[in-house]
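What follows is calculated from the coordinates using simple rules that are stated; it is not laboratory data. It should be emphasised that the depicted structure is a prediction, and the values quoted were computed from it without experimental measurement. Every residue, glycine as well, gets a Cβ built from its backbone with ideal geometry; the counts of neighbours run over all protein chains shown.
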Amino acid sequence: DELGHDYLEIRGLTVDFDGFKAIDGVDLTLLQGRLHFLIGPNGAGKTTLVDAVTGLVQGTGRASYRNQDLLSMKSHRIVRAGVGRTFQTATVFEELSVLQNLDIAGGIHRSPWGMLRARRGVPAYVEEALATIGLSHLRDRPAGVLAHGQKQWLEIGMLLVQDAKVMLLDEPVAGMSAEEREQTGELLRRIGHERTIVVIEHDMDFVRSFADVVTVMHGGTVLAEGDVATIQADPRVQEVYLGH
Ligand code: ADP
């Protein structure tokens, strides 16, 4: 856009499961350089929204990034377009080393010839991602031996080597220790300057500590949006969380 900022734009997004609208006309503009959090009670539609934007379920309406119409693209093309996601349960190759996991993830941008050449050495961007996620000392360990939190960081590293400019993270700190949560928040801040990061989150302490913008979903719609203080003061939000 004219400001030179990247953003993910969602307009009138609707996901219909056999007549049940899990997402019902959602508008969201997610700007680069802010940490966005998506909160809301179970069943609000948070995961379905991320699924629709990443091509796992079919949505109608519009979701676009850099003028690319994500809703008409298959999952693998969405990844190449720079939009990546993580899952609540980390999806790493347990038998492969941390480094191999990153190298394979980076392979989406390489030709087969490039992949062959890469065998001779680790590409610089893989080394860089390894350092960014703080796992350099575990580079040759099988990913299966990593602690839960470290696997989440590895998944984020896999998005870094895929050059994901938009990262959609599904409850990345669930099951983490307080220290790991802090480290994760700091990691997201570091990498978030030049990316659009959207985090589905239930842990309100984590949201309070790291959110720039919070979107509250309820019943497949956006109930409220703003900074943490605004959201917390909103009576509609209080009712959804406390009123039943
Ligand atoms: P959240 O992530 O906010 O907990 P979800 O996106 O998982 O919410 O679910 C939103 C609603 O859509 C829920 O009522 C859920 O039961 C329903 N839902 C999710 N996936 C499907 C599906 N594949 N088929 C039918 N209903 C679904």
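List of remarks:
- Loop sites in segment 168-244: GluC sites (Glu not before Pro), DSSP, at most 15 other Cβ within 10 Å: Glu194
- Folded to 0 to 90 degrees: helix 148-161 orientation relative to the chain principal axis, Cα: 80 degrees
- Residue with peak Gaussian network fluctuation, the chain [Cα springs, cutoff 10 Å], from His36, His218, His193: His193
- Relative exposure of Met73, Met217, judged by other C-beta atoms within 10 Å (fewest first): Met73, Met217
- 0 to 90° range, to nearest 10: angle between helix 178-192 axis and the chain longest Cα axis: 90 degrees
- Trypsin sites (Lys or Arg not before Pro) within segment 68-104, DSSP loop, no more than 13 other Cβ atoms inside 10 Å: Lys74
- Our estimate of slack between His137 and Tyr241, defined as 0.36 nm per intervening residue step minus the Cα-Cα distance, is 33.2 nm.
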